[in-house]
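We did not get these values from a lab; they are worked out from the coordinates using the rules stated. In this text the structure is predicted, and so the values were computed from the model without any measurement. Positions of Cβ are generated from backbone atoms using ideal geometry, with glycine treated the same way; all protein chains shown enter the neighbour counts.
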Amino acid sequence: MSNIKLVLEYDGRRYNGWQRQTNTKNTVQGRIEHMLQLMTGEKIELHGAGRTDTGVHALGQVANFHTQSRMGLSEIEDYIHTYLPEDINLLDIREMPERFHARLNAKGKTYTYRIWNHPFKKNIFNRGYYYHIRKPLNVNAMKQAAGLFVGTRDFRSFTALKSKSKSTVRTIAKIEILKKESEVTLDFSGDGFLHKMVRVIAGTIIQVGLGELSVSEVEEMFKREKRSAAGFTAPPHALFLVKVIYGG
């Protein structure tokens, strides 16, 4: 039995997220699993490091699967490159120890959220990868608000997770906001992120930048511990899973 690790990038615009679903075959996990099953003749379960939402992209998603196939790595690599859809790409493949698990062994993840802050669109070819905001953003205010999210905190107000039994405590190591001409990026690093958490935090910080929320109002959101207390959920098409971090 071989344990194969894949590093993947994908354009999430036409997919209903990463995670396999019973009501649609149009997921990234589902598409890759189907291809691997045709390749091996086995029932394949692909374990992803994280579940990106509908429309969210990945620059470095990590996944693994077990197989009894006698195909070599180079054969598997060639097959995957040949039969993957054009909007999913294999970046790296390697055999791992039996106990490696893409999600359970992950120590952290980094995401980036891209904004085009200009009266006019960046261009029509980038419209699927930037959130276009016409009104000027106050980046300094955004940075102040971002600082409130750094550290170990209860993020219940900033997730779409409905379960009351699951912990909503997470640690965000850094949120860096960079502005280069009209492009503003929000870079997130943390040990893990809840359902829609990055997009809710991004939306809240954007509202501070637009003057719709104050920094003190953001601090109050943590105390209320309910989703309705926080800002809007930023659109998915501008969010990218950049990297999954592993120890050692």
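State the Cα centre-to-centre distance between segment 62-100 and segment 128-163 in whole Å.
So the separation of the two Cα centres works out to 35 Å.
About the Cα centre of the chain, what is the dipole size in debye to 20, counting +1 per Lys and Arg Cβ and -1 per Asp and Glu Cβ, all else neutral?
Dipole magnitude for the chain comes out near 900 debye.
Three principal axis extents, largest first, for the C-alpha atoms of segment 147-222, in Å?
The Cα atoms of segment 147-222 stretch 44, 24, 18 Å along the principal axes, largest first.
Please compute the modelled spin-label separation between S74 and I245, points set 7 Å along Cα→Cβ, answer in nm with one decimal.
3.6 nm
Determine, for T159, T233, the number of other Cβ atoms within 10 Å of each Cβ, and report the residues in order from fewest to most.
T233, T159
I'd like the Karplus ³J(HN,Hα) series for segment 200-211: coefficients 6.51, -1.76, 1.60, θ = phi - 60°, whole numbers in Hz, and an x wherever there's a Gly or Pro.
5, 5, 4, x, 5, 5, 4, 5, 5, x, 8, x
Computed over the Cα atoms, what is the radius of gyration of segment 2-96 divided by 2.2 N^0.38 Å, N being its residue count?
Details: Rg = 12.3 Å, N = 95, 2.2 N^0.38 = 12.4 Å.
Rounded to two decimals, the normalised Rg is 0.99.
Could you check which residue among R156, R31, R94 shows the biggest mean-square fluctuation in a GNM of the chain with a 10 Å Cα cutoff?
R94
Nearest 10 degrees, 0 to 90: what angle lies between the long axis of helix 28-40 and the longest principal axis of the chain (Cα atoms)?
Relative to the chain, helix 28-40 is tipped by roughly 10 degrees.
Let me spell out the model: positive unit charges on the Cβ of Lys and Arg, negative unit charges on the Cβ of Asp and Glu, origin at the Cα centre of segment 108-246. What dipole size does that give, in debye rounded to 20? Don't jump to the answer; show the numbers that get you there.
Values: 24 positive and 11 negative charges, 94 e Å.
The calculated dipole for segment 108-246 is roughly 460 debye.
Mind giving me the FRET efficiency for Q19 and E176? R0 is 30 Å, r the Cβ-Cβ distance, nearest 0.05 is fine.
0.60
Rg over Rh of the chain, using C-alpha atoms and the Kirkwood radius, what does it come to?
Details: Rg = 19.3 Å, Rh = 19.2 Å.
Radius of gyration over Kirkwood radius for the chain works out to 1.00.
Below 8 Å between Cα atoms, with a sequence gap of 6+, how large is the relative contact order for segment 108-246 in percent?
That works out to 37 percent.
For W18, W116, what ranking results if the residue with the fewest other Cβ atoms within 10 Å of its Cβ goes first? Could the numbers behind the result be given before it?
Details: W18 26, W116 20.
By the 10 Å Cβ count, ascending: W116, W18.
To the nearest 20 debye, what charge dipole does segment 177-244 have about its Cα centre, counting +1 at the Cβ of each Lys and Arg and -1 at the Cβ of each Asp and Glu?
240 debye
Would you work out the relative contact order for segment 2-96, in percent, from Cα pairs under 8 angstrom that are 6 or more residues apart?
46 percent
Looking at the chain as a GNM with Cα springs under 10 Å, which of I115, I88, I124 has the largest mean-square fluctuation?
Answer for the Gaussian network model of the chain: I124.
Identify, among G147, V215, H132, the residue whose Cα sits farthest towards the positive end of the charge dipole of segment 108-246, taking +1 on the Cβ of Lys and Arg and -1 on the Cβ of Asp and Glu, with the dipole about the Cα centre.
After comparing all options, I get H132.
Among 74-81, 145-152, how do they line up by average Cβ neighbours within 10 Å per residue, starting with the highest?
145-152, 74-81
Under the definition of Cα pairs under 8 Å and six or more residues apart, what whole-number percent is the relative contact order of the chain?
Across the chain, relative contact order equals 24 percent.
Can you report the principal axis dimensions of segment 182-248 using only the alpha carbons, biggest first, rounded to whole angstrom?
Rounded to whole Å, the extents work out to 40, 32, 18 Å.
How do T67, T82 line up, fewest other C-beta atoms within 10 Å first?
Ranking T67, T82 by Cβ neighbours within 10 Å, fewest first, gives T82, T67.
Output needed: percent of Cα pairs per 5 Å distance bin for segment 108-246, bins running from 0 to the one holding the longest distance.
Once binned at 5 Å, the Cα pair distances of segment 108-246 give 2, 11, 21, 24, 20, 13, 6, 2, 1, 0.
Under 20 Å from the Cα of K174, which aspartates and glutamates turn up, not counting those fewer than eight places away in the same chain?
D154, E183, D187, D191, E219
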